[in-house]
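Heads up, the thing below is written out as structure tokens.
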Amino acid sequence: MRSLAIALLAVAVAACDSGPKAAPDPYANIELNSPPAKVTPERHKGPYSEGAALSTGAELKPLDPSPVKTVRLDTTHKVIEIMPGVRFAAWTFGDQVPGPTIRARVGDRIKFVMTNRSDEAVGPPQLVSAPMMHSMDFHAAMVSPSDKYRSIAPGQTIEFEFVVNYPGVFMYHCGTPMVLEHIASGMYGALIVEPKNGYPTKVSREYMIVQSEFYTKLDPQNRRVDGVPLYVLDTERLRASQPNHTVFNGVHDGMVRNPLQAKPGERVRLFVLNVGPSKTSSFHVVGTIFDRVWIEGNPDNQFRGMQTVLLGSSNSAIVEFMIPQEGAYVMVDHHFANASQGAVGLIQAGPKGEEPAPEHHNIAASATPTDPQAVKGKLDFESKCLACHSIAGGEGRKIGPDLLGVTKRRSEDWIARWLKSPEQMLASDPTAKELLTKYNGVPMPNQNLSEEEIRQYLSYFRFVDGAEKK
Ligand SMILES: [Cu+2]
């Protein structure tokens, strides 16, 4: 009798426990086995990246249906262009920064191969750094790092495979010490793993956004590429976490110059990965709200109606949103210090507007300063002056004058005095007073510029006006 009561009680408790029928854990049967990695002295000589699952830019190819993804990403050392005029001695996967995006689905097997080709001359050989060891670390894999992620020497090839168990947008990167230097030199990319049955929503566009930092300084040996000074890794800035470029997809303001496309009424899916190496991203799109945010790119981790998504180093998210109307939708790292260093892009919906894009400078991208002072002037102009000035010619549509041709209509001495102290000039200088009247009595605020900064703006203006003459 008593044992029957206990049995009944047990049944009742069990029934309570299960409550509404619990869904089976989708991650209960994950694949944890993989054969050992193979390292050989064979050097691959063909393309630096190969595989049907790879996309090389922001635009993503649809999922390749094959359950086995064969992927080659060779490492190279090459000079990349972070922004017009800034050529940087980088290290790469697949000969590009960021490396190509790999796209797979839960349960797929990734067969990866990589030759360390850092000893090959890609571009002017005297400009790239000495050959060295490299490795590959996939955050999407569950494997022994001491086996799969070991470093290989120049000329060697490593091969290994693994099954992707969790959906997500996963970072891959070189894990060879100093890891910080290898990542900051450009050795990173994304591996997207779709849920087994795809995403629960339908979208019109899919794009990959990789945020990263660059820490650059002028080459102490004063080497040049195509007449432009070479920049190299600034290890002091790197250790102090003080990047001078924070960018999307490897290029300062790159997607401002070449916006992503969409149409009003479309639903857009962005795969956003912050590779750091050391900064946090506060990813935001001006003019819309994220309908869904899947933290780390897994629809199990869902938020609705978010304005911004916070991504630490190597965190990711899928964000989806509607494009409400025609216009230019600005993607930014809402840590605006980062945005001002280049972490800005545009989604252009409908015809390109007349107005210059926010945070963007509107002279042709081909107009590239080579003098480092002018490059600095251009960067500072974009962050401090662009709110009130254009530099495109014509009347301009901003609070202050368009500054194209300013070195022709004013003496450099006048401009220097103006920048030093607009309030003094407005009180005493007749030209300045005239300008104030023309610009609706709005005085330009003192920008607290140092002599050095004033020299940099002047050399930028001089450059723009010189380039304009041609
Ligand atoms: Cu490396």
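Could we say that Gly189 is away from the ligand (no atom under 16 Å from the Cβ), closer than 25 Å to Lys279 by Cβ and modelled with pLDDT of 95 or more here?
When the stated conditions are applied, Gly189 does not pass them.
From the set of residues in the stretch 127-176 that are more than 9 Å from the ligand (Cβ to nearest atom) and within 30 Å of Asn222 (Cα to Cα), which is modelled with the lowest pLDDT?
Leu127
Right, Glu159: under 30 Å from Tyr27 (Cβ atoms) and either in a strand (DSSP E or B) or of a type outside the set (Gly, Ala, Ser) (or both) or not?
Yes.
Those residues that are at pLDDT below 90 and either more than 16 Å from the ligand (Cβ to nearest atom) or of a type outside the set (D, E, K, R) (or both), I need them from the stretch 112-126; list them, please.
Correct list: Ala121, Val122, Gly123, Pro124, Pro125, Gln126.
If I filter the stretch 59-69 for residues that are at pLDDT 95 or above, β-branched (Val, Ile, Thr) and within 30 Å of Ser340 (Cα to Cα), do I get at least one hit?
No, the stretch 59-69 contains no residue that is at pLDDT 95 or above, β-branched (Val, Ile, Thr) and within 30 Å of Ser340 (Cα to Cα).
The values are calculated or read from the model by the stated rules, or taken from the named source; none is laboratory data. Computed from a predicted model, the values in this text were never measured in an experiment. Virtual Cβ from ideal backbone geometry, glycine too; neighbours counted across all protein chains shown.
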